[in-house]
1. With every protein chain left in place, what is the accessible area per residue of the chain in square angstrom, probe 1.4 Å?
2. Taking every DSSP beta bridge that has both residues in the stretch 66-204, what percent is antiparallel when rounded to the nearest 5?
3. Relative to the longest principal axis of the C-alpha atoms of the chain, give the angle of the C-alpha long axis of helix 130-139, reported between 0 and 90° and rounded to the nearest 10°.
4. What distance in nm lies between label points placed 7 Å from Cα along the C-beta direction at residue 199 and residue 181?
5. If you line up the long axis of helix 144-156 against the longest principal axis of the chain, both from Cα atoms, how many degrees apart are they, to the nearest 10?
6. If you roll a 1.4 Å probe over the chain with all protein chains in place, what percent of the accessible area is carbon or sulfur?
7. In the structure shown, do any of 108/146; 11/150; 108/171; 68/194; 108/150 have a Cα-Cα gap over 29 Å, and if so which?
8. May I ask you to compute the full-extension gain from residue 131 to residue 70, defined as 0.36 nm times their residue separation minus their alpha-carbon distance, rounded to one decimal in nm?
Amino acid sequence: MVSKLRKEDEKCANIVADLLDKHLYCQVTNFERCYDVQRQVSGIDTLFTYNEKTYLCDEKAAIRYVNKNLQTFSLELSFINRRNEVQDGWLIDDKKVNNAFLFVWIDKSDKDIISSVDDVREIEVALVDKSKILSFLERLGWTEEKMLDKAQKMRENESEYGGNVYKHGCKFVCSRFLVEQPVNVLISREDLKKISDWTVKFDL
């Protein structure tokens, strides 16, 4: 089951990449999509220049929330790896060298599980500098150290309060049903768009 889900996710991610290459990245310069595993593991899916700034970008698409009008995005703080150790998630992992994330919401599609670029009708993307996300969270009182402490408390205590996205600016969630038990911080879509360097909506 996990393997099947992973294959579906990979297929959907590749479809989203094709859409972005066709509709978004045609508007930037010095574009390169990374296919080698080493750079992908280090958090780089694409490299490009936009408004004279060079981006090493990690693409994050909400592929399990197609047609859901998702108004948040979930950013990974920590997870349990195959050695049963708690490991930093992609938001704060210092081994990741990307300086930005491209968040993708698939708002309209002919199918909830996309199988072709022709299925997708509407997407919105927000290009957000990683440092701006961390600064946004720090303004709310959440340094990396405090977030990791919160993540540990969430993992150890099912009744640990996670907060409210719209009341507190963010919310913490532990996905206990997954093997990796990731703890994520949720930020509203509008807040991510406000701190973004570039937001675009496409009707396809």
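The values are calculated or read from the model by the stated rules, or taken from the named source; none is laboratory data. What you see is a predicted model, and the numbers here were worked out from it, not measured in a lab. Positions of Cβ are backbone-derived with ideal geometry, glycine not excepted, and every protein chain shown enters the neighbour counts. Side chains are part of the model used for accessible areas, which takes the heavy atoms of the whole protein and leaves out ligands, DNA and RNA. Shrake-Rupley method; radii C 1.70, N 1.55, O 1.52, S 1.80 Å.
1. Ligands and nucleic acids excluded, the figure is 55 Å² per residue.
2. Counting only bridges with both partners in the stretch 66-204, antiparallel ones make up about 100 percent.
3. The helix 130-139 is inclined about 40 degrees to the chain.
4. 3.6 nm
5. Between helix and principal axis, roughly 70 degrees.
6. 48 percent
7. Numbers: 108/146 37 Å; 11/150 33 Å; 108/171 26 Å; 68/194 21 Å; 108/150 34 Å.
With Cα atoms farther than 29 Å apart: 108/146; 11/150; 108/150.
8. 19.6 nm
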